[in-house]
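Let me begin by presenting the structure, written as structure tokens, before commenting on it.
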Amino acid sequence: MAGPGDIFADDFAFEPYWWMAAPRPDDAPGNVPGAADVVIVGSGYTGLSAALTLARAGRDVVVLEAGAAGHGASTRNAGFVGKTLKHSFSHLLETKGEAYAVGVYREMQEAFDCVTGVIEREQITCHYRQCGRYMAANSPAHYEIMARELELKTKYLGDESEMVSRADQHRSLGSDIYHGGAIVPGVGGLHPGLYQSGLLERVRRSGAQVLDHTPLTAFRRDGDSFEAVTPRGTIRTRDLIIATNGYTRGATPWLQRRVVPFRGLMIATEELPEKKLNQILPQDRTTHDFNNNLIYLRRAPDSPRLLFGGRTGFMSDDGRKIARLLHERMTRVLPDMQHVRISRAWNGFGAGTFDLYPHLGNHDGVHYALGYCFAGVPMGTYLGHKMALRVLEKKEAKTIFADRPFPAKWWYRGTPWFLPFVTANYDRLDARGR
Ligand SMILES: Cc1cc2nc3c(=O)[nH]c(=O)nc-3n(C[C@H](O)[C@H](O)[C@H](O)COP(=O)(O)OP(=O)(O)OC[C@H]3O[C@@H](n4cnc5c(N)ncnc54)[C@H](O)[C@@H]3O)c2cc1C
């Protein structure tokens, strides 16, 4: 435990906690082939899910990855496996009608079933558990909004949930700052690093090549095919798939203008006594609040630690600053954690979109799936698979998220200079709400 001002454990590192059990591979990248049926850019859940479906269908697949395989958010996230979109069910019901709202949320269920199905079918050991979720209300008004949303989900979708009064809150979360909340039992949690490594291993075994440290720097269309350019060679390919989500940069400028990379920050504490963890999260559920600038927490699935995240919009890559910020925020929620030390701090990029929907589509012949707004564990796996089915021209490729207009803004070219202002405004609104 930490003395005053000393929050860093002896083994503190600026690196995802998940990399302890699932270290990034450091193999030398294989040779760049001259040709492939499909080139996929990005080795997170989206790229690997697409690669697995395509390789199993007999396609010659090459996955390009700028860093070590799984460098992106897929090995950095919190591992919550949910069924929600940024657009609430009640909002869609009110603005778009029942058929549309139910259609969208049924697909969220399909995305959830897709992840659990992959884990089961491929026998990926990644600590998946249907642990349920606790969602903490930030104010009495917010409690009412949450109750209404869940009531509608029960009525139209058959989803189960249970409201928890403030007086009973300690059954779910050892904090006094919230005004009750809700338990949603039908969702889960996993170890994101082991899930990505498991997919990677299955992709390689299925015959696809995954080339680490081989970024796509440009591509050219040449008749019916593409040339995918990397610093280590050029690949001629019939199909090109972009699966770069929050890491989408200048190699694909049309997409770069349409996704906003949001930094998510996380910390892992030192090992804690079981008794303390039981006080904080007695039911061991994934947990978050509903601030605009929300926080999320869970127990590590493979060691007695608390994992805590939040503060999207903080623009620094300084691990100690991230740790201090989140430690301060954690002790606001859980004052007893003041003397607990931090063992890992890390960050990663998720992708927002201007319409808050995920997108799957084709622009000038290039396939893409991205913009998951921090729901990429289910959506990346699901839309990666759907994108592969489109390449295979299967009728099952249909999804409500395909080929929607993908909005851009004239004032946005790919650098989210406005995020600190947005976050500061969120903090102001959240303080007012409290
Ligand atoms: C801190 C944090 C917490 C989160 N928590 C959750 C959660 O609990 N639940 C949830 O559902 N979602 C969560 N998310 C979001 C989720 O992690 C992502 O939506 C998901 O991992 C996206 O997967 P992906 O495969 O599309 O992209 P990524 O996993 O980000 O992979 C994109 C890859 O593309 C590579 N790349 C980029 N450009 C190139 C190029 N030119 N050439 C080659 N390779 C390139 C990158 O290096 C990267 O590895 C969280 C995100 C963060 C950052």
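Under a Cβ-Cβ cut-off of 15 Å, what is the net charge of the residues other than Gln338 that fall near it, where Lys and Arg count +1 and Asp and Glu count -1? Provide the component values of the computation, followed by the final result.
Working: positive: Lys276, Arg324, Arg329, Arg332, Arg341; negative: Asp6, Asp176, Glu270, Glu328, Asp336.
Taking every other residue near Gln338 into account, the sum is 0.
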**Asked** Going by alpha carbons, how many degrees (0 to 90, nearest 10) lie between the helix axis of 376-391 and the longest principal axis of the chain?
**Response** 20
**Request:** Whole Å is fine, so just give me how far the alpha carbon centre of the range 375-434 lies from that of the range 357-371.
**Result:** 11
**Dimensions in Å of the chain - Rg and Dmax from alpha carbons** = 21.3, 67
**Complete:** Result for the chain: accessible area per residue, probe 1.4 angstrom, in square angstrom, of 42
**Request:** Starting from the Cα of Trp411, step 7 Å toward the Cβ, then list every residue of the range 343-382 with an amide N under 19 Å from that point.
**Result:** 352-356
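Please report the net charge: other residues with Cβ closer than 14 Å to the Cβ of Ser206, K and R +1, D and E -1.
Numbers: positive: Arg56, Arg59, Arg121, Arg202, Arg204, Arg205; negative: Asp37, Asp60, Glu122, Glu201.
Neighbour charge sum, excluding Ser206 itself: +2.
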**Vicinal HN-Hα couplings computed from phi for the range 300-306 (Karplus, 6.51 cos²θ - 1.76 cosθ + 1.60; Hz; Gly/Pro x)** = 5, x, 10, 6, x, 9, 9
**Item:** Karplus (6.51, -1.76, 1.60) ³J(HN,Hα), θ = phi - 60°, over the range 25-40, in Hz, Gly and Pro reported as x
**Value:** x, 10, 6, 5, x, x, 5, 7, x, x, 8, 7, 6, 9, 10, 10
**Complete:** The answer for Thr287, listing residues at least 5 apart or on another chain whose modeled amide H is closer than 5 Å to its amide H, is Tyr134, Leu297
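Before rounding to the nearest 500, sum -39500 (n - 2.57) across all DSSP H runs of length at least 4 in the chain and divide by the residue total; then give [θ] at 222 nm in deg cm²/dmol. Please report the intermediate quantities before stating the final value.
Values: 10 runs with 134 residues, N = 434.
About -10000 deg cm²/dmol.
Mind ordering 20-29, 312-321, 353-362 by average Cβ neighbours within 10 Å, highest first? Don't skip to the answer; put the middle values down first.
Details: 20-29: 14.0, 312-321: 15.6, 353-362: 18.9.
In decreasing order of mean packing, 20-29, 312-321, 353-362 become 353-362, 312-321, 20-29.
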**Message:** List the pairs from Lys86/Lys409; Lys83/Lys409; Lys321/Lys386; Lys83/Lys321; Lys153/Lys321; Lys96/Lys395 whose alpha-carbon separation is above 30 Å, in the order I gave them.
**Reply:** Lys321/Lys386; Lys83/Lys321; Lys153/Lys321
**Asked** So, counting K/R as plus one and D/E as minus one, what does the shell of residues with Cβ under 9 Å around Ala397 add up to?
**Response** +3
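The values are calculated or read from the model by the stated rules, or taken from the named source; none is laboratory data. Source: prediction; values computed, not measured. Positions of Cβ are generated from backbone atoms using ideal geometry, with glycine treated the same way; all protein chains shown enter the neighbour counts. These area figures cover heavy atoms from the full protein model, side chains too; ligands, DNA and RNA do not enter into them. Shrake-Rupley method; radii C 1.70, N 1.55, O 1.52, S 1.80 Å.
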